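Enquirer: Sharing a structure below in structure tokens format, with a few things to ask.
The values are calculated or read from the model by the stated rules, or taken from the named source; none is laboratory data. Since we're looking at a predicted model, the values are computed, not measured. Glycine also receives a Cβ, built like all others from the backbone with ideal geometry; neighbour counts cover every protein chain displayed.
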Amino acid sequence: MEFEQLCFTPMVKDDIPSLTPIMKRSFDNDAQLFFQKPEGGPPGYDDGSFLEKWGLHPEATSYRIDLNGTPIGAVILFIHEEHGSGYLGNIFIDTDLSGSGYGSMVWRFVEHMYPKVKT
């Protein structure tokens, strides 16, 4: 589904090789900015096992995020619309695009797709 300038496609196993280096750069950048460490992230963020475990989890709703046909990140959600609740499992956008507003676009997409989720 296209939303603003981005295209959101349900994540599949074949997406993991292209998303893993983006996730690694994103988390490593955060580790440098906020923890003064050269790298760091949740277990498996750098080898694809995090995305395989959580992005493909049966209860997850996960999307690969593309800009002009190129993957730039992903979002993993756990939505419980029947309870009006959900939570963000993970979001990452390529560090080359930091400050471009794409993270905000992703969040507007989530709110648009799941209007019944209030908490």
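Enquirer: Take the stretch 21-47 and flag every residue that is under 15 Å from Ile93 (Cα atoms), among the basic types (Lys, Arg) and in a loop (DSSP other than H, G, I, E, B).
Expert: Correct list: empty.
Enquirer: A further question follows. Collect the residues in the stretch 89-101 that are more than 11 Å from the chain's Cα centre (by Cα) and of a type outside the set (S, T, N, Q), keeping them in residue-number order. Reasoning before the result, please.
Expert: In the first step, residues of the stretch 89-101 are kept if they are more than 11 Å from the chain's Cα centre (by Cα); the result is 95-101.
Result: Asp96, Leu97, Gly99, Gly101.
Enquirer: When you go through Gly86, Gly73 one by one, which is the residue that is outside any helix (DSSP H, G or I) and more than 14 Å from the chain's Cα centre (by Cα)? Step through it out loud before you land on a result.
Expert: Numbers: Gly73 fails: more than 14 Å from the chain's Cα centre (by Cα).
When all the criteria are applied, what remains is Gly86.
Enquirer: Restricting attention to the stretch 24-59, and to residues there that are among the aliphatic types (A, V, I, L, M) and under 19 Å from Tyr87 (Cα atoms), which single residue is surrounded by the fewest Cβ atoms within 10 Å (Cβ to Cβ)? Show your work before the answer.
Expert: First pass over the stretch 24-59, keeping only residues among the aliphatic types (A, V, I, L, M): 31, 33, 51, 56.
Add one more test, that the residue is under 19 Å from Tyr87 (Cα atoms), and what stays is 51, 56.
Numbers: Leu51: 25, Leu56: 15.
For the stretch 24-59, the residue satisfying everything is Leu56.
Enquirer: Looking at (1) under 19 Å from Arg25 (Cβ atoms); (2) at pLDDT below 95, which one does Ile72 not meet, given that it meets all the others?
Expert: So Ile72 meets the others, but not (2).
Enquirer: Here is a follow-up. When residues of the stretch 97-116 are filtered for being assigned to a loop (DSSP other than H, G, I, E, B) and out of contact with any helix residue (DSSP H, G or I) (no Cβ under 6 Å at 6 or more places or on another chain), how many remain? Spell out the reasoning first.
Expert: We begin by selecting, within the stretch 97-116, every residue assigned to a loop (DSSP other than H, G, I, E, B); these are 98-101, 114-116.
Checking which are out of contact with any helix residue (DSSP H, G or I) (no Cβ under 6 Å at 6 or more places or on another chain) leaves us with 98-101, 114-115.
Total meeting the criteria: 6.
Enquirer: I'd like to know if the stretch 54-68 contains one or more residues that are out of contact with any Pro (no Cβ under 7 Å at 6 or more places or on another chain) and part of a helix (DSSP H, G or I).
Expert: The answer is yes; a qualifying residue exists.
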